[in-house]
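These notes are about the structure you will find just below.
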Amino acid sequence: TDRMDHLYACFLMQCLAELLFSYESCKTAFLSYSPKKRLHTPSKETSKHRTAAIQFLLQDLLSYGTTDLQSASEAKRQIVLCNWAMSVIVALCVDPSYSQDSKEISPELTSVRKFVLEAISRALKDLPSHENPDHRYGRLLALADLCNRLLTVRFNSAQRKGNEEFPTHIAKVMLEKNFVATLTTAIAEIDLNYPNVRSVVTSILKPLDLL
């Protein structure tokens with residue numbers, strides 16, 4: 001049934017998020033996934049980042065489908081799926097070694113963060129033009145919330161120095177990838193007369209304020 005399929009998808013993403021939160025090697029393995037079946041894969045390509053997995057999350061799952069999250073009872077399943085997709089993406093960027101100092105962050109994790117943030121930046125710039133405004137803004141709202149989560153994520157913060165700090169390395173990478181300009185452009189292109197669009201603008205302003 002649709003309900004069982006929904007629960008199974010959520011369960012899979014919960015398991016995946018736990019693995020990605022806990023093990024750096026899982027991040028590379030996830031991003032190196034290719035839908036093409038190959039009998040022999042050269043070992044030198046096993047750590048190469050590919051777009052298939054992250055694009056599936058961003059294009060197929062990362063959208064609320066609406067801007068009215070409070071009264072959209074028919075969209076609850078989509079909202080739940082979207083939130084789990086966010087958890088997976090955040091888990092990809094979290095440092096399992098609890099390192100706050102950018103000098104201590106491994107090159108592998110730095111590469112993963114840059115790859116994921118580049119994909120998010122492209123998703124913000126290339127919102128599907130064929131979607132109706134509610135779906136389009138629902139996708140933009142979800143992307144803005146994702147950016148905010150990446151900048152405010154706490155993971156076992158009791159073991160970290162400076163609990164009030166947001167992840168400075170992620171913020172630096174976002175600045176390098178011109179997220180300020182991308183998010184500002186996204187606001188400029190919003191039709192302010194569209195219903196419920198205020199929540200979208202507010203959500204975009206949150207990561208902008210942090211950056």
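For the reader, a short list of remarks on this structure follows.
Listed here are the residues, each with its yes/no results for (1) touching a helix residue (DSSP H, G or I) at 6+ places or on another chain (Cβ under 8 Å); (2) surrounded by 15 or more Cβ atoms within 10 Å (Cβ to Cβ); (3) modelled with pLDDT of 90 or more; (4) not in a helix (DSSP H, G or I).
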| position | (1), (2), (3), (4) |
| --- | --- |
| 3 | no, no, no, no |
| 8 | no, no, yes, no |
| 13 | yes, yes, yes, no |
| 20 | yes, yes, yes, no |
| 27 | yes, yes, yes, no |
| 30 | yes, yes, yes, no |
| 33 | yes, no, no, yes |
| 36 | no, no, no, yes |
| 39 | no, no, no, yes |
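- Picking from residues in the stretch 41-56 that are in a loop (DSSP other than H, G, I, E, B) and β-branched (Val, Ile, Thr), the one that is modelled with the highest pLDDT is 51.
- Residue ID - nearest to the chain's Cα centre (by Cα), chosen from residues in the stretch 61-89 that are closer than 30 Å to residue 107 by Cβ and open to solvent by 10 Å² or more (accessible area, probe 1.4 Å): 87
- When each of 211, 192 is tested for being touching a residue at least 60 places away in the same chain (Cβ under 8 Å) and either surrounded by fewer than 17 Cβ atoms within 10 Å (Cβ to Cβ) or closer than 20 Å to residue 112 by Cα (or both), the lone residue that passes is 211.
The values are calculated or read from the model by the stated rules, or taken from the named source; none is laboratory data. Since the model is a prediction, treat every value here as computed from it, not as a measurement. Virtual Cβ from ideal backbone geometry, glycine too; neighbours counted across all protein chains shown. With ligands, DNA and RNA removed, areas are computed over all heavy atoms of the protein, side chains included. Shrake-Rupley method; radii C 1.70, N 1.55, O 1.52, S 1.80 Å.
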